[in-house]
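Working notes for the structure below.
The values are calculated or read from the model by the stated rules, or taken from the named source; none is laboratory data. From a predicted model like this one, the values you see are computed outputs, not experimental measurements. Heads up, the Cβs are rebuilt from the backbone with ideal geometry, glycines too, and the neighbour counts pull from every protein chain shown. The protein model used for the area step is the full one, side chains on, heavy atoms only, and it has no ligands, DNA or RNA in it. Shrake-Rupley method; radii C 1.70, N 1.55, O 1.52, S 1.80 Å.
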Amino acid sequence: MSPIGVFDSGYGGLTILREIRRRLPQYDYLYLGDNARAPYGTRSFDVVYDFTLQAVRRLFDEGCPLVILACNTASAKALRSIQQRDLPHIDPTRRVLGVIIPTVEALDDISSTRHVGVVATPGTINSHSYAIETAKLYPDISMAEVACPMWVPLIENNEAAGDGADYFVKKYCDEMLAKDPEIDTLLLGCTHYPLLMEKIRAYMPSDIRILPQGELVAESLADYLRRHPEMETRLSKTGEARYLTTENPEKFDTLATLFLDTPVASTRIHLD
């Protein structure tokens with residue numbers, strides 16, 4: 001088996017995997033969640049890099065020639081170092097891709113006011129990765145950034161649909177609109193946030209487009225494989241998906257089912 005590896009520090013990357021499998025169902029996938037050490041958002045660059053590299057090495061050991069960092073924090077804090085410093089020594093024929101650049105690339109065709117908002121975890125916002133990458137590609141786009149520290153805990157405690165979530169969804173949406181009332185696009189810069197989509201839509205003006213990452217990353221991956229047949233031919237294609245977690249499998253399986261809407265049976269591993 002030569003599956004596509006999908007890594008996240010927790011559960012949110014499952015929303016990326018879900019959309020990738022919808023777009024590219026023929027391939028095999030191996031998901032790894034470092035749930036025992038999540039969240040990564042409050043950790044330093046060095047720690048996130050170390051943890052992410054451990055996960056990438058494990059997915060390589062499991063036979064993955066291509067790994068997607070389906071984690072905004074890992075993409076922001078570790079991806080470039082792994083691509084430039086580690087891959088040439090580990091195996092220059094393998095690839096590690098992230099979720100930030102594919103998301104940013106879509107903004108040019110979507111925003112007409114050239115004012116875009118991004119909501120994400122404090123770690124991703126503090127890295128300014130979205131603003132930096134947007135400025136490189138589209139310097140005419142103004143990006144407003146708002147950290148939403150309470151959204152992930154609400155989701156992972158199965159409170160996304162509860163009344164208690166409304167306060168914090170409205171709080172951060174209001175903060176975004178106060179920061180830049182001209183935005184016409186709201187980018188969900190955390191893979192958990194699609195589970196709050198209904199509430200986010202309720203508290204944002206109807207003319208603002210809300211942009212989750214899953215479909216954008218899936219389409220970007222499909223394009224990447226079209227442009228890189230040398231990688232595409234290495235991937236196995238039986239349509240299977242397996243799941244690894246550093247946490248208790250029963251806990252992972254219960255929460256993963258919320259993200260995937262299908263039963264999950266995972267295997268526990270250790271990273272070091």
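For the chain, what does the helix formula give at 222 nm: sum of -39500 (n - 2.57) over DSSP H segments with n ≥ 4, over the residue count, nearest 500 deg cm²/dmol? Theoretical 222 nm ellipticity from helices: -12500 deg cm²/dmol. Think of the chain as having a plus end and a minus end, set by charges on the Cβ of Lys, Arg, Asp and Glu; of Pro181, Ala160, Thr103, Thr103 sits farthest toward the positive end of this dipole. Whole-Hz Karplus values for segment 247-261 come out as 9, 5, x, 5, 5, 4, 4, 5, 6, 4, 4, 5, 7, 9, 6 Hz, taken residue by residue from phi with 6.51 cos²θ - 1.76 cosθ + 1.60 and θ = phi - 60°; glycine and proline positions read x. A convex hull fitted around the alpha carbon atoms of segment 1-111 yields 115 Å³ per residue. Distance between the C-alpha centres of segment 247-272 and segment 20-48: 12 Å, rounded to the whole angstrom.
Assign one of three labels to segment 154-272, namely rounded, prolate or oblate, based on the Cα gyration tensor with a ≥ b ≥ c the square roots of its eigenvalues; rounded applies when a/c is under 1.5, prolate when it is not and a/b is larger than b/c, and oblate otherwise. Verdict is oblate for segment 154-272. For segment 15-24, backbone phi angles converted through the Karplus equation (6.51, -1.76, 1.60; θ = phi - 60°) give residue-by-residue couplings of 5, 5, 4, 4, 6, 5, 5, 5, 7, 10 Hz, Gly and Pro being listed as x.
The C-alpha atoms of the chain define a longest principal axis, and helix 45-61 lies at about 40 degrees to it. A 1.4 Å probe over all protein chains sorts Asp91, Asp34 by accessible area into Asp91, Asp34, starting with the largest.
Using a probe radius of 1.4 Å on heavy atoms only, what accessible surface per residue do you get for segment 153-268? Whole Å² is fine. Provide the component values of the computation, followed by the final result.
Values: 5970 Å² over 116 residues.
That works out to 51 Å² per residue.
Computed from backbone phi with θ = phi - 60° and the Karplus coefficients 6.51, -1.76 and 1.60, the 3J(HN,Hα) list for segment 193-202 is 4, x, 6, 9, 3, 4, 6, 4, 4, 5 Hz; x is used for glycine and proline. Which angle between 0 and 90 degrees, to the nearest 10, do you get for helix 164-179 versus the longest principal axis of the chain when only C-alpha atoms count? Once rounded, one gets 70 degrees.
Largest accessible area first, the listed residues Asp180, Asp272, Asp174 line up as Asp272, Asp174, Asp180 when surface is computed with a 1.4 Å probe on the assembled protein chains.
Judged by the mean number of other Cβ atoms found within 10 Å, the most tightly packed of the peptides 142-148, 246-252, 126-132 leads the ranking 142-148, 126-132, 246-252. Both radii are taken from the alpha-carbon atoms of the chain; with Rh as the Kirkwood radius, Rg/Rh is 0.95.
Spherically averaged projected area of the convex hull of Cα atoms, segment 67-214: 9.1 nm². Residues whose amide H falls under 5 Å from that of Val6, counting only those 5 or more places apart or on a different chain, are Leu30, Tyr31, Leu32, Ile68, with hydrogens built in the peptide plane.
Can you send over the carbon and sulfur percentage of the accessible area for the chain, probe radius 1.4 Å, protein chains only?
49
Label segment 201-259 by shape, choosing from rounded, prolate and oblate, from the square roots a ≥ b ≥ c of the eigenvalues of the Cα gyration tensor; if a/c is under 1.5 it is rounded, and otherwise prolate applies when a/b is larger than b/c, oblate when it is not. Kindly include the intermediate steps, with their values, before the conclusion.
Details: a/c = 3.70, a/b = 1.13, b/c = 3.27.
It is oblate, given that a/c is not under 1.5 and a/b is not larger than b/c.
Rolling a 1.4 angstrom probe over the protein heavy atoms with all chains in place gives segment 1-87 an accessible area of 33 Å² per residue.
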